[in-house]
Amino acid sequence: MNFESRTVSINEIDTQDSRYQLSLHIDTHTIIESIKAVGLINPPVIVKRDDDHYSIVCGFRRVMACKALGWDEIPVCIPPRRPTDLDCLKLAILDNRSHRPLNLIEQSRAIKKLSPFFPPQERFSKITFLLGLPENEKVFKKIESLCQLSESAKLGILENTLSLEAGVELVELEPEEQDCFAFLFRTLKFSQNKQKELITFVKEIAIRESVGIKEVINSEEIRGIIDRSDINRNQKAKEIRAYLRRRRFPSLTKAEAKFFEDLKSLRLGPHIRLVPPPYFEGTTYNITITFKDITELEQCKSEFDAMCQNPVLKRILS
Amino acid sequence: MSVHISRIYVDQGITHLPETRAILDRLKHVPCTVVFDYKVVQDEVLRGDDPVTEGKRVLFLTRNKGAFLKDCPGTKYYNCCGYKILHIGTYCYMDCSYCILQTYFNPPVLQYFMNQEDLLHDLDRILVSKQGPIYRIGTGEFTDSLIWEPWTDISMRIVPYFAAQERAVLELKSKTVHIKNLKYLRHNSKTIVAFSINTPAIIKSEERYTASLKSRIGAAAMCEEWGYPLAFHFDPLILYDGCEPDYREVIRYMFKRVSAENIVWISLGTFRFMPPLKRIIQQRFPGSKIIYGEFIPGLDNKMRYFKPLRIDLYKKIVEWIREVAPDVLLYFCMEDDDVWHTVMGHVPEEKGGLPQMLDEAAIRHCRLTRTVS
């Protein structure tokens, strides 16, 4: 496509028109410095609308930066014939992809914007090709759903404090509920699996107790843990997880606590480990004895004998 | 109870059977297609957004190419009742949130097997001799036993069949009240009519299109009048706020309507499910809370209530039943010795094992003859 290069008044460009915009936020800080230093190397692509104003196809940051620098006019590229919306979107995607991979939110926005242009049976293959996505329909659907996230949850995805999998779990929630999780995950770093686990705990507690999700996350206990100054971020994350697990599984966690309390009373040394059946469902306990030599083994034997005589063991096994 | 069969598919190999014609006559308002391949039915069911629901609306009349008698799929660790499944069909038009059949078949399709000569032949093979072990045989594992009654003659074929022998009982287990056909059948006490029982709250929220508790108990009372031995299955017992007084009231009401002496057995089983069922319940029953109990992975990989919670509920239910029916055989469906011992005070092994306990009850109530093979 041969573009016409010309200069237009910057006021004729509608910077609010985001129909071809893929990025969530336009950060002009770095580009302003670049334009100040070497000028506008690559003019943005714009198209004329029926109302004689221009929509930006490629170069939102460049236009915004020039505007911020107080330019009245800006050099631009204009396609010779007015392209279709689909062509403009393709152009915007290819332009972005030519200098960096699209982030998850941009991919999601692109899927949403492109979808109306393709029949359902072609949508997946055409769009994955355009976006350079792997041909995995499950992943495609997950990325697509991110569009429904609140602004702060989207930001969490961009900042990598909210994982794709966790983001997908949040999609069905109200925006304010998503914000609560986004805040929690931004404040305390959780691994991808822990994020999913926490979301599940909170959702299920809310259903079990017929309370709101916000109410669970903003509970005094969680706020208290976040506000503590005597523990670090990882410890806080661990405490919150433990608190939610206790609330989700009150009987199980109580039984676990009781077991560990009893275990302490057995006063086992570091070489003997008593492991209860998983979730106390079976009836088989495991004992692991580790030793280096005969002396250590004999020491373990005395400890083991003492444990067998201890009435606490009977209580544990009853 | 409403039944919405939207289409019938008939396997071309069974179109000539008079039974097929009879079913089609009873469902003549439903469009019917003859198919050469089950795949046509599968594709039709899988085409929609919700194959689990779609499978309830599509009736496939076909031939069972496999065995009609199967062993109940028990697991090693938990005590299994050891009964045999008589495979008359699959799936169900009722819609219980917790139903395992939603994940058991892929896709689940309402299938009814027309080659009943083969079914009777399979029964003959184990029952023709007067000598041999006792069998407890049920049709309510892969489907509800009585949903087929309005359209088929199944009970008219199998109830008299069982009446004519003395080594096996047939258990028809249902959440419907389709008992009309049973009234005049010669059953010779060899057919146990069983009902799955739950609280009105659970029936209302989790058992769509099933009969009410009162109707089920009423149907049981009617069957008792017709001389049938009865059984009840408190399965799945579900923990919820206020479940205890509700279950107590169910027990009270049940024994007000039926006599303990005519109950062959009562089974108890708390809600358990394979993990994939959770997502299905979330999608298909968004208002259901039953999956949010304190579930832990069991030794059979099913999710089960944390054991002390199960024991606690079992103890109460056993106590309430014992108060009014001390001699009725109570048993747990898939529980371990630990639960048995804690709740019942004995483990099945002490009484010869669960299958034997059930056999004895069947011998007593259904006048079976124990023979040595």
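The values are calculated or read from the model by the stated rules, or taken from the named source; none is laboratory data. What you see is a predicted model, and the numbers here were worked out from it, not measured in a lab. A quick note on method: Cβ atoms are made from the backbone with ideal geometry, for glycine too, and the neighbour counts reach across all protein chains shown.
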From the list A:ARG247, A:ARG241, which one is within 12 Å of chain B (Cβ to nearest Cβ) and either within 31 Å of the chain's Cα centre (by Cα) or within 30 Å of A:LEU188 (Cα to Cα) (or both)? A:ARG247
Within the stretch A:67-80, identify whether any single residue is within 29 Å of A:PHE129 (Cα to Cα), out of contact with any Phe, Trp or Tyr (no Cβ under 7 Å at 6 or more places or on another chain) and aromatic (Phe, Trp, Tyr), and answer yes or no. no
How do the pairs read when you match residues in the stretch B:281-294 that are facing chain A (nearest Cβ under 10 Å) with residues anywhere that are acidic (Asp, Glu), using Cβ under 8 Å and keeping only pairs 6 or more apart or on different chains? B:SER288/B:GLU206; B:TYR292/A:GLU204
Being surrounded by 12 or more Cβ atoms within 10 Å (Cβ to Cβ), acidic (Asp, Glu) and either under 21 Å from the mean Cα position of the chain (by Cα) or not in a helix (DSSP H, G or I) (or both) is the filter here; which residues of the stretch B:35-72 pass it? B:ASP50
Selected residue (criterion: farthest from B:PHE255 (Cα to Cα)) from residues of the stretch B:315-333 that are aliphatic (A, V, I, L, M) and in a loop (DSSP other than H, G, I, E, B): B:VAL328
Applying the selection to the stretch B:317-339, what residues are away from chain A (no Cβ under 12 Å) and crowded, with 16+ Cβ neighbours inside 10 Å? B:ILE317, B:VAL318, B:TRP320, B:ILE321, B:ALA325, B:VAL328, B:LEU329, B:LEU330, B:TYR331, B:PHE332, B:CYS333, B:MET334
Is it true that some residue in the stretch A:8-15 is closer than 15 Å to A:PRO79 by Cα, surrounded by 15 or more Cβ atoms within 10 Å (Cβ to Cβ) and either without any contact (Cβ under 8 Å) to a residue 60 or more places away in the chain or in the same structural domain as A:ILE105 (by TED's automatic domain parsing) (or both)? no
Every residue from the stretch A:266-318 that is of a type in the set (Ser, Thr, Tyr), within 14 Å of another protein chain (Cβ to nearest Cβ) and surrounded by 11 or more Cβ atoms within 10 Å (Cβ to Cβ): A:TYR279, A:THR283, A:TYR285
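Please specify each residue of the stretch B:346-373 satisfying the condition of being among the charged types (D, E, K, R) and outside any loop (DSSP other than H, G, I, E, B). Steps first, please.
Of all residues in the stretch B:346-373, those among the charged types (D, E, K, R) come to B:349-351, B:359-360, B:364, B:367, B:370.
Listed by number, the residues that qualify are B:GLU349, B:GLU350, B:LYS351, B:ASP359, B:GLU360, B:ARG364.
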How many residues does the stretch B:14-34 contain that are assigned to a loop (DSSP other than H, G, I, E, B) and either out of contact with any strand residue (DSSP E or B) (no Cβ under 7 Å at 6 or more places or on another chain) or without any contact (Cβ under 8 Å) to a residue 24 or more places away in the chain (or both)? 5
